[in-house]
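**Q** Please read through the structure below; I'll follow up with questions.
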Amino acid sequence: MNRPSSHREILEALSGIWVALLVAILSSTIVSNALPTILAELKGTQTQYTWVITAMLLASTASTPLWGKLADLFDKKKLLQTSIVVFVAGSVLSGLSQNMEQLIAFRVVQGLGMGGVQALGQVVVGALLSPRERGRYSGYTGMVISAGTVGGPLVGGFLVDWPGWRWCFFVCVPLALVALAVLHKTLHLPVRKQHVKIDYLGATLITGGVSLVLMWVSFAGKDFAWLSKESALFAGGAALAMITAWFVERRASSPVIPLHLFRNRTVVLAMLGGIAVGTAMFGASVFMGQYFQIARGFSPTKAGLLTVPLVLGLSISSTVSGQLIAKSGKWKSYLVWGAFSLVAGLALLGTIDHTTNLVLMGAYLSLVGVGVGLTMQNLVLAVQNGVGMSDLGAASSTATFLRSLGGTAGVSVLGAVLAAHVSTKTLDRGSLSPVVRASYGDSMGELFLIAAGLAVFTVIAVLLIKEQPLRDSVDVTPTGSGAQTVATELDSPVDTEQRIVDNSRSAVDKLLVRVGDGS
């Protein structure tokens with residue numbers, strides 16, 4: 001089956017992916033405004049409050065590299081459909097939960113499906129479109145991701161105020177089923193037949209190491225001190241698992257994360273730059289909803305509406321930059337402007353307290369939104385442009401994985417810092433409710449100053465990235481550090497045979513002529 005060629009065919013093929021991405025990401029943030037109500041009804045503890053979000057993000061982040069590697073080995077369309085089914089099952093079970101233990105367990109299932117949808121959505125887009133074409137549509141993908149991330153609290157607040165908190169989970173099910181149906185009808189990808197050998201040991205070690213890191217940053221500062229025996233065990237176990245994984249991946253015939261990716265400077269810098277972007281994206285959506293409710297006293301619905309400037313800034317910037325990149329083929333300047341905008345917006349949010357003017361808050365949030373919109377999808381574009389088709393799944397999922405890791409770990413660490421500051425300021429001022437609100441609002445600015453400091457690393461990373469022209473072909477492997485040359489691919493009989501299977505008749509004829517001339 002040939003790839004879609006016309007604009008309409010591409011939009012139809014991408015529509016199912018966009019719906020799936022929207023639903024998956026929406027589910028990660030939709031409960032933020034519903035958690036106080038859920039906690040009260042299911043009689044949960046403060047630790048369980050955090051784990052309703054953390055459990056899903058942990059499962060999603062830890063499983064992302066494995067989904068990406070499977071995409072390099074199996075039918076991408078079937079894998080994406082499978083991940084949606086897993087997500088639907090987790091959503092239904094979460095909505096039916098009778099206690100906090102059940103809810104946390106079912107959120108893990110939901111997170112496994114979400115990890116697949118996020119990773120495979122990026123991979124399928126990369127398989128459908130060349131990097132040059134991808135610029136035209138990446139803005140729409142970024143808009144969908146941002147709408148799900150930042151719009152979740154708004155939708156969740158409305159659902160809590162009207163039909164009830166369980167609909168925060170049920171509302172995702174019909175949308176996910178629509179995505180399944182659309183994907184079945186419109187998405188058609190060439191299937192690469194190849195010998196499959198899954199690196200189970202590497203996958204287990206990577207998943208275990210990442211899980212230990214995320215559990216450590218979730219518990220530390222609340223259940224035990226950052227400098228403690230428990231911290232040493234978590235951090236030491238994570239380091240041991242990841243070091244062992246490195247040795248395993250070096251020798252694996254089909255590694256989960258191909259280590260040669262990290263010899264490509266553009267890929268490494270783009271991945272590192274995405275970590276702080278993840279912290280900003282998740283942090284802004286989670287903590288601003290809490291700020292508007294707790295520090296300013298707004299309802300869940302109004303709290304969601306007040307984050308709309310963030311959504312608008314992100315949506316407009318990602319869409320416009322995608323169109324301009326597609327026309328010019330140049331992408332680095334957008335990353336640079338986005339990184340500076342992100343730092344500036346977060347630094348300005350670092351000045352807020354419980355009395356900050358709401359119009360100024362909207363301006364600061366829109367600046368952060370512009371920064372995320374110009375960097376998030378374009379960093380993934382830079383990664384995909386720097387690798388060949390055989391590494392597309394692993395590279396895309398690793399970039400998504402690191403961004404999610406930054407967001408998950410960042411939210412956990414910032415949450416611990418916030419709790420410590422609020423506790424200290426409340427004790428200093430007294431325990432009356434207005435004092436708690438003031439302490440919460442005054443502490444929020446310090447979180448965003450920390451996030452601004454992290455975003456400086458994104459600025460450094462994008463300034464050091466060397467811009468490579470966007471490729472006009474999906475299958476050509478780029479030259480450069482860590483990549484095979486095109487000539488090497490064409491001289492390989494195995495790769496030539498694979499290319500004959502995947503390409504159209506005209507491309508096959510050209511290839512055969514070229515090989516014949518070189519013999």
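**Q** Looking at 247, 292, 298, which is the one that is outside any helix (DSSP H, G or I) and free of Cβ contacts under 8 Å to residues at least 24 places away in the same chain?
**A** So the residue among 247, 292, 298 that is outside any helix (DSSP H, G or I) and free of Cβ contacts under 8 Å to residues at least 24 places away in the same chain is 298.
**Q** Something else: Working only within segment 357-374, note down all residues that are of a type in the set (S, T, N, Q) and free of Cβ contacts under 8 Å to residues at least 40 places away in the same chain. Break it down into steps so the answer makes sense when it comes.
**A** We begin by selecting, within segment 357-374, every residue of a type in the set (S, T, N, Q); these are 357, 366.
Within segment 357-374, 357 is the sole residue that qualifies.
**Q** Given (1) within 22 Å of residue 165 (Cβ to Cβ); (2) within 16 Å of the chain's Cα centre (by Cα); (3) β-branched (Val, Ile, Thr), identify the lone condition not met by residue 64.
**A** Of the numbered conditions (1) within 22 Å of residue 165 (Cβ to Cβ); (2) within 16 Å of the chain's Cα centre (by Cα); (3) β-branched (Val, Ile, Thr), the odd one out for residue 64 is (1).
**Q** Okay, next question. Is it the case, given these coordinates, that residue 179 is closer than 22 Å to residue 394 by Cα, open to solvent by less than 20 Å² (accessible area, probe 1.4 Å) and assigned to a helix (DSSP H, G or I)?
**A** No, not satisfied.
Here's the yes/no breakdown for (1) open to solvent by 10 Å² or more (accessible area, probe 1.4 Å); (2) in a helix (DSSP H, G or I); (3) touching an Asp or Glu at 6+ places or on another chain (Cβ under 7 Å):
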position: 360; (1), (2), (3): yes, yes, no
position: 393; (1), (2), (3): no, yes, yes
position: 408; (1), (2), (3): no, yes, no
position: 411; (1), (2), (3): yes, yes, no
position: 415; (1), (2), (3): yes, yes, no
position: 422; (1), (2), (3): yes, yes, no
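**Q** Only one of 173, 217, 191, 256 is among the hydrophobic types (A, V, I, L, M, F, W, C) and either at pLDDT 80 or above or at positive phi (or both); which?
**A** Among 173, 217, 191, 256, only 173 is among the hydrophobic types (A, V, I, L, M, F, W, C) and either at pLDDT 80 or above or at positive phi (or both).
**Q** Of all residues in segment 304-331 being more than 21 Å from residue 145 (Cβ to Cβ) and either open to solvent by less than 50 Å² (accessible area, probe 1.4 Å) or part of a loop (DSSP other than H, G, I, E, B) (or both), which is modelled with the lowest pLDDT?
**A** So, considering only residues that are more than 21 Å from residue 145 (Cβ to Cβ) and either open to solvent by less than 50 Å² (accessible area, probe 1.4 Å) or part of a loop (DSSP other than H, G, I, E, B) (or both), the one modelled with the lowest pLDDT is 329.
**Q** Between residues in segment 168-183 that are farther than 23 Å from residue 75 by Cβ and residues that are part of a helix (DSSP H, G or I) and of a type outside the set (A, V, I, L, M, F, W, C), which pairs lie under 6 Å by C-beta distance while being six or more apart or on different chains?
**A** What qualifies is 168/156; 169/91; 169/94; 169/95; 170/95; 172/27; 172/91; 173/91.
**Q** State all residues of segment 250-273 that are part of a helix (DSSP H, G or I) and either free of Cβ contacts under 8 Å to residues at least 60 places away in the same chain or open to solvent by 10 Å² or more (accessible area, probe 1.4 Å) (or both); if no residue qualifies, say none.
**A** From segment 250-273, those part of a helix (DSSP H, G or I) are 250-251, 259-263, 265-273; that's our starting set.
Answer for segment 250-273, where residues must be part of a helix (DSSP H, G or I) and either free of Cβ contacts under 8 Å to residues at least 60 places away in the same chain or open to solvent by 10 Å² or more (accessible area, probe 1.4 Å) (or both): 250, 251, 259, 260, 262, 263, 265, 268, 269, 272.
**Q** Also, I was wondering about something else. Can you tell which of 93, 159, 120 is modelled with pLDDT of 80 or more, open to solvent by less than 10 Å² (accessible area, probe 1.4 Å) and either within 16 Å of the chain's Cα centre (by Cα) or within 30 Å of residue 34 (Cα to Cα) (or both)?
**A** From the options 93, 159, 120, the qualifying one is 120.
**Q** Out of 437, 403, I need the residue that is in contact with a helix residue (DSSP H, G or I) (Cβ under 7 Å, 6 or more places away or on another chain), open to solvent by 30 Å² or more (accessible area, probe 1.4 Å) and either in a helix (DSSP H, G or I) or at pLDDT 75 or above (or both). Which one?
**A** Only one candidate qualifies: 437.
**Q** Within the set of pairs 6 or more residues apart or between chains, which connect a residue that is under 17 Å from residue 416 (Cα atoms) inside segment 220-242 to a residue that is among the hydroxyl-bearing types (Ser, Thr, Tyr) and at pLDDT 85 or above with Cβ atoms less than 9 Å apart?
**A** What qualifies is 220/228; 220/231; 224/231; 225/231.
**Q** If residue 342 satisfies all but one of (1) open to solvent by 10 Å² or more (accessible area, probe 1.4 Å); (2) in a helix (DSSP H, G or I); (3) in contact (Cβ under 8 Å) with a residue 12 or more places away in the chain, what's the number of the condition it fails?
**A** If we test residue 342 against (1) open to solvent by 10 Å² or more (accessible area, probe 1.4 Å); (2) in a helix (DSSP H, G or I); (3) in contact (Cβ under 8 Å) with a residue 12 or more places away in the chain, just (1) comes out false.
**Q** Which residue is most open to solvent (accessible area, probe 1.4 Å), if the candidates are limited to segment 213-234 and must be part of a helix (DSSP H, G or I) and aliphatic (A, V, I, L, M)? Even if it seems obvious, please write down each step before you answer.
**A** The first filter runs over segment 213-234 and keeps only residues part of a helix (DSSP H, G or I), leaving 213-219, 229-234.
Within this subset, residues satisfying the condition of being aliphatic (A, V, I, L, M) are 213-215, 217, 232-233.
On the way: 213: 49, 214: 0, 215: 59, 217: 13, 232: 65, 233: 122 Å².
Taking the candidates together, the pick is 233.
**Q** Is it true that residue 448 is closer than 17 Å to residue 347 by Cβ, open to solvent by less than 40 Å² (accessible area, probe 1.4 Å), modelled with pLDDT of 75 or more and out of contact with any Asp or Glu (no Cβ under 8 Å at 6 or more places or on another chain)?
**A** Spelling it out, residue 448 is indeed closer than 17 Å to residue 347 by Cβ, open to solvent by less than 40 Å² (accessible area, probe 1.4 Å), modelled with pLDDT of 75 or more and out of contact with any Asp or Glu (no Cβ under 8 Å at 6 or more places or on another chain).
The values are calculated or read from the model by the stated rules, or taken from the named source; none is laboratory data. Note that the structure is predicted; figures quoted are calculated from it, not measured. So basically every Cβ, Gly included, is an ideal-geometry build from the backbone, and we count neighbours across all protein chains shown. Note: accessible area is taken over every heavy atom of the protein model, side chains too, but ligands, DNA and RNA are not part of it. Shrake-Rupley method; radii C 1.70, N 1.55, O 1.52, S 1.80 Å.
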